[in-house]
Amino acid sequence: SLLSGFHECLSSPVDQLKSYILTQRGADAFLPEITPSAAPQPFLPLLAPSPLSPFTNSTIPKLSGLCMLNFTASQSLMTMTSTDCWAAFAPLLANVICCPQLHATLVILVGQLSKETGVLALNRTLAKPCLSDIEQVLEGQGASDDLKQVCLIHPSNLTEASCPVKDVDEFENTVNSSELLASCEKIDPVKECCDQVCQGAISDAATRIALKSSDPLSMDGTHVLLEYSTRVNDCKTVVLRWLASKLNPYRAKEVLRGLTNCNVNKVCPLVFPNMRHVANSCGNGISNQTACCDAMDSYVSHLQKQTLITNLQALDCATALGLKLQTYNITKNVYSLCHISLKDFSLQVSGCLLPSLPSDATFDKFSGISFICDLNDNIPAPWPNPSLLPASSCNKSVRIPALPAATNAQSSKK
């Protein structure tokens with residue numbers, strides 16, 4: 001049901017995210033450890049277009065004429081990537097949606113091309129014009145013109161880099177390709193992050209082809225380890241391209257995004273500014289609760305201007321911040337005292353946390369760009385107990401109380 005709509009022309013990406021329409025949508029694809037069975041329906045904010053940049057304004061890309069990548073065959077993939085990396089919102093969706101999708105697209109484009117060329121990489125001469133062409137195609141469909149900086153991509157992302165194997169035949173003669181495909185052709189995005197069946201097969205294959213290098217590693221011990229680690233990582237990209245060549249683009253995208261999400265949800269992407277002010281107001285037993293909570297609210301407001309994060313990242317961020325606060329002699333649970341919720345760690349679009357499973361933005365020419373929000377109710381941020389911290393995200397078992405959906409849906413911060 002349509003609740004409210006705003007259509008404003010605003011100056012900054014953060015401000016533009018305040019321009020949205022809220023609808024409700026059933027929850028059917030979120031992590032069971034996080035979302036209880038009676039959870040309220042998640043929000044689906046629709047980011048309304050600015051009158052100055054209509055969504056229908058697609059342009060014909062100026063291509064180099066040098067790149068063999070088949071953009072036509074991957075048209076739906078390119079369109080999805082353009083939507084995920086929409087110009088105004090790419091920096092705000094970068095960590096969870098835009099950059100994982102862009103990196104998957106690069107892998108799939110080169111992987112699909114290898115079916116014709118027999119090579120799992122572009123040569124260094126073609127990598128630069130091909131990357132430029134990819135950017136042109138995406139920008140022509142509305143993506144940010146700054147994706148190189150937002151997602152830290154370079155022409156080397158299309159080459160073999162330091163990996164010694166790029167030929168398909170040599171690759172398949174070196175690795176157990178049937179086992180690799182069986183392990184990775186379909187993954188469970190929840191179980192894979194803990195069981196690491198596909199990730200283990202990829203690491204094994206990457207290690208095998210990395211060892212085929214004829215270049216001797218440097219003599220210095222630390223440098224050898226760094227150089228070897230870089231080589232294995234570069235070879236993992238080659239392995240992923242081979243997988244992408246064996247799957248259709250949609251299936252490849254699902255697998256690649258699932259693998260990326262395992263890493264995304266392990267790390268809090270927020271930068272924590274200096275917390276001396278909070279330490280002064282909340283340390284040594286909290287003599288003035290109002291002053292402490294004012295300091296906490298002020299501190300958290302800085303976090304809310306950074307980026308959209310997932311519900312699992314919010315748990316990681318709550319733990320990381322709590323542990324930092326404890327080093328400043330803040331022993332009381334200031335999250336509970338000051339009513340700090342998980343959603344307070346994410347960019348404030350109606351208190352939106354993104355789902356921890358891979359998701360994409362969607363486009364509608366009438367209402368704009370939309371994406372799913374999960375956990376919009378006021379889930380209390382858990383205050384960490386250093387002696388009881390889980391060893392990994394696989395051990396997280398946070399039971400989240402469900403609140404009435406209607407109540408949540410009608411309370412939105414702008």
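The values are calculated or read from the model by the stated rules, or taken from the named source; none is laboratory data. These numbers were taken from a predicted model, which means no experiment stands behind them. Cβ sites come from the backbone with ideal geometry, for glycine too, and all protein chains shown count toward neighbours. Just the protein is used for accessible areas: all its heavy atoms, side chains included, with ligands, DNA and RNA removed. Shrake-Rupley method; radii C 1.70, N 1.55, O 1.52, S 1.80 Å.
Tabulated values for the structure
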read-out	value
Long-range neighbours under 7 Å by Cβ, at least six apart or interchain, first residue under 21 Å from T72 (Cα atoms) within region 136-162, second open to solvent by 40 Å² or more (accessible area, probe 1.4 Å) and among the hydroxyl-bearing types (S, T, Y)	G140/S58; G140/T59; Q141/S58; Q141/T79; G142/S58
Lone qualifier among S156, S183, S178 - being in a helix (DSSP H, G or I) and surrounded by 18 or more Cβ atoms within 10 Å (Cβ to Cβ)	S183
The lone exception for D195 - which of (1) within 29 Å of K128 (Cβ to Cβ); (2) surrounded by fewer than 20 Cβ atoms within 10 Å (Cβ to Cβ); (3) over 20 Å from the mean Cα position of the chain (by Cα) it fails	(1)
One residue from D215, D234, D294 being open to solvent by 10 Å² or more (accessible area, probe 1.4 Å), at pLDDT 95 or above and more than 16 Å from V107 (Cβ to Cβ)	D294
In region 84-119, the residues that are under 15 Å from the mean Cα position of the chain (by Cα) and open to solvent by 40 Å² or more (accessible area, probe 1.4 Å)	P91, N95, H103
Identity of the residue in region 175-190, out of contact with any helix residue (DSSP H, G or I) (no Cβ under 6 Å at 6 or more places or on another chain) and either among the hydrophobic types (A, V, I, L, M, F, W, C) or not assigned by the TED database to the domain that holds L256 (or both), that ends up modelled with the lowest pLDDT	V190
When residues of region 319-367 are limited to those that are in contact (Cβ under 8 Å) with a residue 60 or more places away in the chain and in a helix (DSSP H, G or I), the one surrounded by the most Cβ atoms within 10 Å (Cβ to Cβ)	F345
Scan of region 259-300 for residues that are closer than 15 Å to A381 by Cβ and hydroxyl-bearing (S, T, Y), ordered by number	Y299
Unique match (being in a helix (DSSP H, G or I) and either surrounded by 24 or more Cβ atoms within 10 Å (Cβ to Cβ) or of a type in the set (A, V, I, L, M, F, W, C) (or both)) among L138, L122, L69	L138
Criterion violated by L131 - all others in (1) touching a strand residue (DSSP E or B) at 6+ places or on another chain (Cβ under 9 Å); (2) closer than 19 Å to S76 by Cα satisfied	(1)
Residues within region 241-268 that are within 23 Å of Q313 (Cβ to Cβ) and either open to solvent by 40 Å² or more (accessible area, probe 1.4 Å) or in a helix (DSSP H, G or I) (or both), tallied	14
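Residues checked against (1) in a helix (DSSP H, G or I); (2) of a type in the set (A, V, I, L, M, F, W, C); (3) surrounded by fewer than 19 Cβ atoms within 10 Å (Cβ to Cβ); (4) at pLDDT below 95:
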{"site": "N280", "(1), (2), (3), (4)": "yes, no, yes, yes"}
{"site": "K305", "(1), (2), (3), (4)": "no, no, yes, yes"}
{"site": "L312", "(1), (2), (3), (4)": "yes, yes, no, yes"}
{"site": "L315", "(1), (2), (3), (4)": "yes, yes, no, yes"}
